[in-house]
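Take a look at the structure set out below.
The values are calculated or read from the model by the stated rules, or taken from the named source; none is laboratory data. Keep in mind it's a predicted model, so treat the numbers as computed, not measured. Every residue, glycine among them, receives a Cβ derived from its backbone with ideal geometry; neighbour counts consider all protein chains shown. All accessible areas refer to the heavy atoms of the entire protein, side chains included, with ligands and DNA or RNA removed. Shrake-Rupley method; radii C 1.70, N 1.55, O 1.52, S 1.80 Å.
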Amino acid sequence: MKRLRMSKLVRFAADILYPVVLIFGLYVVAHGHISPGGGFQGGAVIATGVALVIVAYSYKEASAWITGSGSMAREVIGLMGFIGTALIAFFFGMPFFYNYLAGQ
(Lines give C-alpha, C1' and ligand atoms only; values in the text may rest on other atoms or scores of the structure.)
Protein backbone atom coordinates (compact mmCIF):
# COMPACT_ATOMS: atom_id res chain seq x y z
CA MET A 1 0.00 0.00 0.00
CA LYS A 2 1.47 3.30 -1.05
CA ARG A 3 1.29 6.13 1.48
CA LEU A 4 0.34 9.57 0.28
CA ARG A 5 2.56 12.45 1.30
CA MET A 6 1.14 15.83 2.11
CA SER A 7 2.19 18.79 -0.01
CA LYS A 8 4.89 21.24 0.99
CA LEU A 9 2.22 23.86 1.62
CA VAL A 10 0.45 21.64 4.19
CA ARG A 11 3.74 20.85 5.90
CA PHE A 12 4.71 24.52 5.96
CA ALA A 13 1.34 25.47 7.47
CA ALA A 14 1.73 22.73 10.10
CA ASP A 15 5.22 24.00 10.94
CA ILE A 16 3.84 27.52 11.45
CA LEU A 17 0.65 26.53 13.30
CA TYR A 18 2.07 23.89 15.66
CA PRO A 19 3.95 26.31 17.96
CA VAL A 20 0.94 28.64 18.06
CA VAL A 21 -1.42 25.77 18.97
CA LEU A 22 1.03 24.49 21.58
CA ILE A 23 1.42 27.92 23.23
CA PHE A 24 -2.35 28.44 23.23
CA GLY A 25 -2.85 25.01 24.84
CA LEU A 26 -0.31 25.82 27.54
CA TYR A 27 -2.05 29.18 28.07
CA VAL A 28 -5.42 27.44 28.56
CA VAL A 29 -3.86 25.03 31.06
CA ALA A 30 -2.08 27.79 32.97
CA HIS A 31 -5.10 30.08 33.22
CA GLY A 32 -7.72 27.41 33.91
CA HIS A 33 -8.17 28.54 37.51
CA ILE A 34 -9.27 32.09 36.58
CA SER A 35 -11.09 31.47 33.30
CA PRO A 36 -13.01 28.67 31.60
CA GLY A 37 -10.60 25.92 30.68
CA GLY A 38 -8.00 23.95 32.48
CA GLY A 39 -6.17 20.69 32.22
CA PHE A 40 -8.61 18.79 30.04
CA GLN A 41 -9.33 21.59 27.60
CA GLY A 42 -5.68 22.61 27.34
CA GLY A 43 -4.67 18.99 26.84
CA ALA A 44 -7.21 18.68 24.04
CA VAL A 45 -5.76 21.76 22.33
CA ILE A 46 -2.20 20.41 22.67
CA ALA A 47 -3.31 16.99 21.36
CA THR A 48 -4.86 18.76 18.37
CA GLY A 49 -1.47 20.29 17.61
CA VAL A 50 0.17 16.86 17.80
CA ALA A 51 -2.51 15.43 15.50
CA LEU A 52 -1.83 18.28 13.07
CA VAL A 53 1.84 17.32 12.86
CA ILE A 54 1.02 13.62 12.45
CA VAL A 55 -1.42 14.37 9.62
CA ALA A 56 0.94 16.80 7.86
CA TYR A 57 3.87 14.42 8.07
CA SER A 58 3.36 10.75 8.91
CA TYR A 59 3.32 8.90 12.20
CA LYS A 60 6.61 7.20 11.39
CA GLU A 61 8.30 10.47 10.50
CA ALA A 62 6.86 12.35 13.49
CA SER A 63 7.74 9.60 15.97
CA ALA A 64 11.30 9.42 14.58
CA TRP A 65 11.84 13.01 15.78
CA ILE A 66 11.25 11.93 19.38
CA THR A 67 14.26 9.98 20.62
CA GLY A 68 14.73 8.37 24.01
CA SER A 69 17.52 10.68 25.12
CA GLY A 70 15.70 13.74 23.79
CA SER A 71 12.56 12.82 25.70
CA MET A 72 14.53 12.32 28.90
CA ALA A 73 16.20 15.71 28.50
CA ARG A 74 12.83 17.44 27.98
CA GLU A 75 11.40 15.70 31.05
CA VAL A 76 14.33 16.80 33.21
CA ILE A 77 14.10 20.40 31.94
CA GLY A 78 10.36 20.44 32.66
CA LEU A 79 10.84 19.05 36.16
CA MET A 80 13.62 21.52 36.97
CA GLY A 81 11.48 24.37 35.65
CA PHE A 82 8.54 23.24 37.79
CA ILE A 83 10.63 22.96 40.96
CA GLY A 84 12.53 26.16 40.13
CA THR A 85 9.26 28.05 39.83
CA ALA A 86 8.20 26.75 43.24
CA LEU A 87 11.54 27.67 44.81
CA ILE A 88 11.30 31.27 43.59
CA ALA A 89 8.69 31.83 46.30
CA PHE A 90 11.37 31.23 48.96
CA PHE A 91 13.31 34.25 47.68
CA PHE A 92 10.24 36.40 48.32
CA GLY A 93 9.56 34.92 51.77
CA MET A 94 6.43 33.00 50.71
CA PRO A 95 5.53 29.33 51.19
CA PHE A 96 6.62 26.66 48.71
CA PHE A 97 4.27 26.74 45.66
CA TYR A 98 2.57 29.90 46.91
CA ASN A 99 -0.45 30.76 44.76
CA TYR A 100 -0.19 34.53 44.42
CA LEU A 101 -3.31 34.66 42.19
CA ALA A 102 -5.62 33.14 44.84
CA GLY A 103 -5.95 36.45 46.69
CA GLN A 104 -7.49 38.22 43.70
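Brief remarks follow.
- The charge dipole of the chain, taken about its Cα centre with unit charges on the Cβ atoms of Lys, Arg (+1), Asp and Glu (-1) only, comes to about 580 debye.
- Cα-only radius of gyration and Dmax that characterise the chain, units Å: 18.1, 63
- Pairs of Cα atoms nearer than 8 Å and 6+ residues apart set the relative contact order; for the chain it is 20 percent.
- Simple spin-label estimate for residue 61 and residue 9 gives 1.7 nm between the two label positions (7 Å along the Cα-to-Cβ direction from each Cα).
- Other residues with beta-carbon under 12 Å from the beta-carbon of residue 53 carry, at +1 per Lys or Arg and -1 per Asp or Glu, a net charge of -1.
- Cα-based helix-to-principal-axis angle, 68-91 vs the chain, degrees rounded to 10: 20 degrees
- Separation in nanometres of the label points that stand 7 Å from Cα toward Cβ, at residue 88 and residue 47: 3.0 nm
- Computed accessible area, residue 34, all protein chains, 1.4 angstrom probe, square angstrom: 100 Å²
- Rounded to the nearest 10 degrees, the angle from helix 8-30 to the longest Cα principal axis of the chain is 20 degrees.
- Rolling a 1.4 Å probe over the protein heavy atoms leaves residue 48 with an accessible area of roughly 90 Å².
- Per residue accessible area of segment 1-87, 1.4 Å probe, in Å²: 76 Å²
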